[in-house]
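Structure first, commentary second.
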Amino acid sequence: MNISNILSERVSAAMTAAGLPEGTNPAISLSNRANFGDYQANGVMGAAKKLKTNPRELATKVVEALDLTGIAEKVELAGPGFINIHLDQNWLAAQLNQISNDKNLGVNQSEKPQNVVVDYSAPNLAKEMHVGHLRSTIIGDAVVRALEFRGEHVIRQNHMGDWGTQFGMLLAHLSDKLASNEVAETALSDLENFYREAKIRFDNEDGFADRARDYVVRLQSGDAHCATLWQQFIDISISHSEDIYKKLNVTLARKDIMGESAYNDDLSNVIDELMAQKIAVEDQGAKVVFINEMANKDGDPSVFIVQKSGGGYLYATTDLSACRYRVGELKADRIIIFTDARQALHFKQVEIVARKAGFLPEHVGYDHCPFGMMMGDDGKPFKTRTGGTIKLAELLDEAVVRAKVVIAEKNPDYTEAHLTEIAEKVGIGAVKFADLSKNRTSDYIFNWKTMLSFEGATAPYLQYAYSRIKSIFTKADFSANDGLPAIVIIEPQEKALALKLLQLENVIDSVISECTPNLLCNYLYELASLYMSFYEACPILKDDIADDVKQSRLALSYIIANTLKQGLDILGIDVMERM
Ligand code: ARG
């Protein structure tokens, strides 16, 4: 169900009938003021400019040719050539009645599903996941769920950092610990600590750095002892990440892991290919691509090293190989990658080089989606009091503890078991919603108090709105088991809700095309707020209202509850029947 598409078709037909060239954009948008109608068609002005004719006259002709019988109650011409469309509330009610029993809430399934590869989360396994990986993980997962809801075919790729020179020192350190009879699980229970110990030895202990380097060489040449140590390390580190995914209600599974190490055997082929095509050249012993398309203002090309002078490969080489794999093996139509904004240059370079080399054909989309940083209250990057990085696991535990306090204050009569259950959902939901609702590319300030508030655009507000609607059903003894009663629209608040509900597909599509879950967050917040106004203006439970009106309002509430639940589910946030 897509109202803009329906209006686009009708207005386009009228534009052609009025003599405009086929394919002229009708420019349908939502009106931002009620007296301008519900939707506007603004395309006539641009078209008139091109044809050098009077826009108002042209718009008059378009309006005369425009057939919106049964859809709009009024079409008006305004200003220099705006066409304002006031939708008919009976038509809106009929559309709602049509989707009321649809489990997809009227959102159509993609007609030609695309293969979309989504690269997200991707922690570095040498260390514990920190707050920087929160954003990639949850924004990526929300976009993945939106794509799947729309019927696209998603292939998750967790491009974990499981390779590289730092593993030399880590494996040497692990080898020593195991030799002194420690078990790997204990040694690696705190990866942060383990990394720190290894680094101290690397910097200070005689001979250790050499051993570490030797381990790197042995690991790369497939030495069995090193391979076993590496596997142990990786397995334990992955299980740390999995704990977090579970806590975060994120859909990534072990089968989605395609770490850097998986590309190892292909890296020399990538270099051979780039050299053969003369895209990469030797430069001071290294292999380099000079990218003229990204030259600076003095005309110096951007330098992209693909192999170090000692022969070592880089993050860049791996990403080129990943492109080839995703196109060749995974048959990607579109590749989406979520990392923080500091990697924007890297991915621009990867894309240009991969396209030149034919690893990434023109028809395959390559979207690096950068995001801003999470800041503390002081406006500086979010750190512990002593300046260390904040472990994600600890942050999430704190969220649950804080949520519990807030809920207990509000509901002193709740049992401990009930409190614990909701605190989990509210706490994690609050952290996720606070992050997802921000404009993706900006930095944002992490603030416990606002995210856990029951007012404003927060998870608790939306979760509460949901369970409040559910409690109305209990009071009204209402169930939708035999299908929903018919919806009739009488009051303006009902019309506003109907309009909002029928925009879900548009919102999902924008989330998918721009990789911006914040649009869905805004939508859900607006929907819940409209519901609150509706609830105040349009009584449901009072005795003196006619039964068909009551049933209609319950049905409307039912679709809203489902939309809130489904929308939050796309964000990976749970709702509760009773809160
Ligand atoms: N491991 C990287 C990091 O923590 C992110 C990897 C993103 N994906 C990729 N294909 N490079 O920064």
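Okay, residues lined up against (1) of a type outside the set (D, E); (2) within 20 Å of the chain's Cα centre (by Cα):
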position	(1), (2)
V143	yes, yes
V154	yes, yes
Q157	yes, yes
N181	yes, no
D190	no, no
I200	yes, no
V250	yes, yes
When the residues of segment 140-167 are filtered to those that are part of a helix (DSSP H, G or I) and within 13 Å of the ligand (Cβ to nearest atom), which remaining residue is surrounded by the fewest Cβ atoms within 10 Å (Cβ to Cβ)? Q166
Those residues of segment 270-291 which are free of Cβ contacts under 8 Å to residues at least 24 places away in the same chain and either among the β-branched types (V, I, T) or surrounded by 11 or more Cβ atoms within 10 Å (Cβ to Cβ) (or both) amount to D272, M275, V281, E282, D283, A286, K287, V288, F290
Enumerate the pairs (first residue in segment 143-163 and within 13 Å of V511 (Cβ to Cβ) and at pLDDT below 95; second residue anywhere and within 15 Å of the ligand (Cβ to nearest atom) and not in a loop (DSSP other than H, G, I, E, B)) with beta-carbon separation below 9 Å, excluding pairs fewer than 6 apart on the same chain, so at least 6 apart or on different chains. none
Regarding segment 81-91, can at least one residue be identified that is closer than 23 Å to K331 by Cα and more than 16 Å from the ligand (Cβ to nearest atom)? no
Which one of A430, A417, A344 is farther than 30 Å from S302 by Cβ, within 26 Å of the chain's Cα centre (by Cα) and among the hydrophobic types (A, V, I, L, M, F, W, C)? A430
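Can you tell which of K127, K112 is charged (D, E, K, R), assigned to a loop (DSSP other than H, G, I, E, B) and within 16 Å of the ligand (Cβ to nearest atom)?
Answer to the selection: K127.
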Any residue at all in segment 368-386 that's assigned to a loop (DSSP other than H, G, I, E, B) and closer than 29 Å to A286 by Cβ? no
Which one of these is buried (at least 21 other Cβ atoms within 10 Å of the Cβ) and among the hydrophobic types (A, V, I, L, M, F, W, C): L530, L499, L524? L524
Checking A408, A417, A399, A393 in turn, the sole residue that is outside the structural domain of R342 (by TED's automatic domain parsing), within 16 Å of Y464 (Cβ to Cβ) and aliphatic (A, V, I, L, M) turns out to be A408
For S175, which of the numbered conditions (1) within 16 Å of the ligand (Cβ to nearest atom); (2) part of a helix (DSSP H, G or I); (3) in contact with a Leu (Cβ under 9 Å, 6 or more places away or on another chain) fails to hold? (1)
If you take the residues of segment 306-343 that are hydrophobic (A, V, I, L, M, F, W, C) and more than 12 Å from the ligand (Cβ to nearest atom), which of them is surrounded by the fewest Cβ atoms within 10 Å (Cβ to Cβ)? L330
Could you tell me whether R213 is more than 16 Å from the ligand (Cβ to nearest atom) and among the basic types (K, R)? yes
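The values are calculated or read from the model by the stated rules, or taken from the named source; none is laboratory data. Remember, it's a predicted structure, so these values are computed and weren't measured experimentally. Don't worry about glycine lacking a Cβ; one is built from the backbone with ideal geometry, like all the others, and counts go over all protein chains shown.
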